[in-house]
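The structure under discussion appears below in the form of C-alpha cells.
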C-alpha cells in the first residue's frame, strides 16, 4: 500500500472530515425522523417545498414472505447459465447446520473485499461528533436543514469512498497508521451456482438456496423473466409507509428511470 494512499486517509481524519461525515449522517437521520413525525398525521402523503426545490413523501412498501425454494425452481426453468450467481445465493446458516459447507466451498468465487477504518484515541481526538437536537424545530427548518446537509453529507461520503477505495487491493488484512487502522473485510460470498447445480442437482439449491429479490426484480424489469415468476411465489403480509426526502430534480430522475423500463 502506497504512502500516498495512507497520507490521504490521515489527512481526512486529522482535518476532522471523518468526524464531520459521521456527524452529518447522524444528524441527517435524526432530522428526517423528526420531520416524519411532523408530516405523518397529515392527510397528504406527498409534500412539495417549491422554494427549496424539495419533496417529502410517504411511499407504500409491501412486506412479503418469499417461497425461495419454489422461486428457485421457477428460475431454473428459464435460466441455466453462469448468470444464476447474480440472482441465487446460498444460506450459510443452513449449510453449517447440515454440515455441508465444505461441499459448497468448492464452488466459491474468489472473494472480494471492502475496507473499514477504526480510529485510535489520537484519531478520535480530531473527530468529535456533535449531535443536534431537532425536537423543537418546525417543518421548514427541517426541510432546509436536510437539503443543505444532504449536499454536504454527499461530498464527505464521496471523498471518504474515494480514499477507502484505494485500500481495497491491499495485500495486508490490516494496516496501522498514526490515527488508527484500516482493515480489509470480505464481502458476502458468491458461489458458482450454475456449476454447483450441475454437480449436486437442483435439490441442493432448493434446500440451501436463497434468491436475491432485488436482482430478480431487475431481471423482470428488463424482460429476462416474466413478472409471474415472482408474484406466484410471494405473499404480501403487510404494507408499510417508507418516508423519503429528496430534491424535486432527483425525484424526477427516479420517476423517469422507472417509467423508461416499461417503454417499448
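The values are calculated or read from the model by the stated rules, or taken from the named source; none is laboratory data. Since we're looking at a predicted model, the values are computed, not measured. Ideal geometry is used to build each Cβ from the backbone, glycine not excepted, and the neighbour counts take in all protein chains shown.
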- For region 84-99, how many residues are over 19 Å from residue 194 (Cα atoms) and not in a helix (DSSP H, G or I)? 2
- Item | Members of region 218-227 found to be in contact (Cβ under 8 Å) with a residue 12 or more places away in the chain and either in contact with a helix residue (DSSP H, G or I) (Cβ under 6 Å, 6 or more places away or on another chain) or more than 15 Å from residue 79 (Cα to Cα) (or both), listed by number | 221, 225
- Message: Among the residues that make up region 232-242, is at least one of them crowded, with 16+ Cβ neighbours inside 10 Å, without any contact (Cβ under 8 Å) to a residue 24 or more places away in the chain and on the phi < 0 side of the Ramachandran plot?
- Response: no
- Item | Breaking point among (1) touching a strand residue (DSSP E or B) at 6+ places or on another chain (Cβ under 7 Å); (2) surrounded by 16 or more Cβ atoms within 10 Å (Cβ to Cβ), for residue 118 | (2)
- The correct count of residues that are touching a helix residue (DSSP H, G or I) at 6+ places or on another chain (Cβ under 6 Å) and at positive phi in region 170-207 is 1
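Being more than 23 Å from the chain's Cα centre (by Cα) and either at pLDDT 90 or above or in a helix (DSSP H, G or I) (or both) narrows it down to one of 229, 245, 235, so name that one.
Working: 245 fails: more than 23 Å from the chain's Cα centre (by Cα); 235 fails: either at pLDDT 90 or above or in a helix (DSSP H, G or I) (or both).
229 is the lone residue from the list that is more than 23 Å from the chain's Cα centre (by Cα) and either at pLDDT 90 or above or in a helix (DSSP H, G or I) (or both).
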- Note on the structure: Considering region 243-259, residues that are free of Cβ contacts under 8 Å to residues at least 24 places away in the same chain and more than 30 Å from residue 79 (Cα to Cα), and then whichever is surrounded by the most Cβ atoms within 10 Å (Cβ to Cβ), we arrive at 250
- Is it the case that region 61-70 has a residue that's at pLDDT 95 or above and assigned to a strand (DSSP E or B)? no
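Taking the condition of being in contact (Cβ under 8 Å) with a residue 12 or more places away in the chain and out of contact with any strand residue (DSSP E or B) (no Cβ under 8 Å at 6 or more places or on another chain), how many residues in region 34-45 meet it? Walk me through it before giving the result.
Step one: of region 34-45, the residues in contact (Cβ under 8 Å) with a residue 12 or more places away in the chain are 34-36, 38-40, 45.
When the remaining residues are screened for being out of contact with any strand residue (DSSP E or B) (no Cβ under 8 Å at 6 or more places or on another chain), the result is 34, 38.
Matching residues across region 34-45 total 2.
Given region 130-218, what strands (runs of 3 or more DSSP E) lie entirely inside it while holding 1 or more residues that are surrounded by fewer than 16 Cβ atoms within 10 Å (Cβ to Cβ) and either more than 21 Å from the chain's Cα centre (by Cα) or modelled with pLDDT under 95 (or both)? I'd like the intermediate steps shown before the answer.
Details: elements: 174-177, 180-186, 209-211.
Where strands (runs of 3 or more DSSP E) fall fully within region 130-218 and carry at least 1 residues being surrounded by fewer than 16 Cβ atoms within 10 Å (Cβ to Cβ) and either more than 21 Å from the chain's Cα centre (by Cα) or modelled with pLDDT under 95 (or both), they are 174-177, 180-186.
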- Which residues, taken from region 102-113, are in contact with a strand residue (DSSP E or B) (Cβ under 9 Å, 6 or more places away or on another chain) and surrounded by 14 or more Cβ atoms within 10 Å (Cβ to Cβ)? 104, 107, 113
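Results for (1) in contact with a helix residue (DSSP H, G or I) (Cβ under 8 Å, 6 or more places away or on another chain); (2) free of Cβ contacts under 8 Å to residues at least 40 places away in the same chain; (3) farther than 30 Å from residue 224 by Cα; (4) surrounded by 13 or more Cβ atoms within 10 Å (Cβ to Cβ), shown as yes or no for each residue.
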| position | (1), (2), (3), (4) |
| --- | --- |
| 20 | yes, no, yes, yes |
| 25 | yes, no, yes, yes |
| 30 | no, no, yes, yes |
| 48 | yes, no, yes, yes |
| 61 | no, no, no, no |
| 67 | no, no, no, yes |
| 74 | yes, no, no, yes |
| 80 | yes, no, no, yes |
| 96 | no, yes, yes, no |
- Task: Determine if region 115-126 includes at least one residue that is within 22 Å of residue 186 (Cβ to Cβ) and in contact with a helix residue (DSSP H, G or I) (Cβ under 6 Å, 6 or more places away or on another chain).
- Result: yes
